[in-house]
Amino acid sequence: MAEIQRRLQALSEDYTKLQKDLQDTVTSRQRLEAQMQENLGVQQEFEKLKDGETIYKLIGPVLLKQDRTDAESTVKGRLEFIEKEILRLEGHIKETQVKMEKKKTEIIQMQSSAQAGAGAGPQPVKGRA
Amino acid sequence: MNLSRRMLTKEEEDAVGDEIEVRREDQDKINKFSRLHSHTLTLEDELKVKNKEKEELDDITTELELADEDDLVPYKIGDAFFHLPLPQAQELLGLSTAKIEEEIGELEDKMATIREEMTQLKVELYARFGKTINLET
């Protein structure tokens, strides 16, 4: 009986850990979404630029002139990376959700076997004679 | 996760014997430990922000070393940009960098002091309560 309690405790902790993992991943995914929007906005601004217009980048307190081709390819590279990361995280989210479902089932099974054990009356005592 | 400091099992709890009384001073120490710990978390966040700022300042300082002497540098002061001659911009950058380094130093000193205090409290509380208290952060 104590054994089942201990195992239930362990399973419950596992579930909590999975929940936290899920939450962290979701938060990261949201942050990436925001970054993607920001970079898409920048890309749109670039497309509106006429020849001869300059691009600046704010580094600390200084506006540093940027080469147009460099800036455009940097933004493009960032967007590609963000898209890949988002896909990866979404995969991880689905995996974690599956794991959580499985863990929930394990916990319910263990709880019902604990109740069955308690309700069955006097237990055969396994001991040394 | 430090597994050696988990909650006690029933057996371990029984083995401890009589509970040690939590006196007023013990509770005060526990509360203080908690407060100090919160403080370190805040300081850590501040340090992260300042270190990132310093990194940016270092980057731009390096970039400006490669810049043309005759270029004017758009320098942000408040919400406005001023076109400054290169040497002046570099001077202002130098001042900002020195200021941030000082602020980082102060934060790190504060952290060290707090950590010392926490270690001392740990010693005292573990001495009194042993396994029945968990002070691992």
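Structure above, values below:
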| quantity | calculated |
| --- | --- |
| Order of B:D59, A:D70 - criterion: other Cβ atoms within 10 Å of each residue's Cβ, fewest first | A:D70, B:D59 |
| For chain B, convex hull volume per residue from C-alpha positions, Å³ | 138 |
| Segment A:79-119 - convex hull of alpha carbons, volume per residue in Å³ | 29 |
| Pair-distance profile P(r), taking every C-alpha pair of segment B:61-137, with 5 angstrom steps and integer % | 3, 13, 14, 12, 10, 7, 7, 6, 6, 7, 6, 5, 3, 1 |
| Over the protein assembly as shown, volume per residue of the alpha carbon convex hull, in Å³ | 221 |
| For segment B:97-137, the fraction of alpha-carbon pairs in successive 10 Å shells from zero, as % | 27, 31, 21, 15, 5 |
| Relative intensity, log₁₀ I(q)/I(0), of segment A:1-45 from a Debye sum that treats every alpha carbon as a point, q = 0.21, 0.29, 0.30 Å⁻¹ | -0.73, -0.91, -0.93 |
| Separation in nanometres of the label points that stand 7 Å from Cα toward Cβ, at A:K20 and A:E106 | 1.7 |
| Straight-distance crosslink candidates among lysines, where the alpha carbon sits under 21 Å from B:K122 and sequence neighbours closer than 8 are dropped | B:K29, B:K32, B:K110, B:K131 |
| Shielding by other protein chains, A:52-65, mean Cβ within 10 Å | 6 |
| FRET E, pair B:D59, B:E124, Förster distance 45 Å, beta-carbon r, rounded to 0.05 | 0.50 |
| Cα gyration tensor category, rounded, prolate or oblate, for segment B:47-106 with a/c compared to 1.5 | prolate |
| Inter-label distance for A:I4 and B:H39, nm, one decimal - labels placed 7 Å from Cα along Cα-to-Cβ | 4.9 |
| Fewest-first ranking of B:T61, B:T40, using other Cβ atoms within 10 Å as the exposure measure | B:T40, B:T61 |
| Relative contact order, percent, chain B [alpha-carbon distance under 8 Å, six or more residues apart] | 35 |
| With Cα atoms, 0 to 90° folded angle of helix B:24-65 axis to chain B main axis | 20 |
| Helix axis angle, A:2-48 relative to chain A longest principal axis, alpha carbon, degrees | 10 |
| Descending principal axes extents, chain A, alpha-carbon based, whole Å | 95, 25, 19 |
| Charge sum, other residues only, whose C-beta stays under 13 Å from A:E38's C-beta, Lys/Arg counted +1 and Asp/Glu -1 | 0 |
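Bear in mind that the values in this text are calculations on the coordinates, not laboratory data. It should be emphasised that the depicted structure is a prediction, and the values quoted were computed from it without experimental measurement. Positions of Cβ are backbone-derived with ideal geometry, glycine not excepted, and every protein chain shown enters the neighbour counts.
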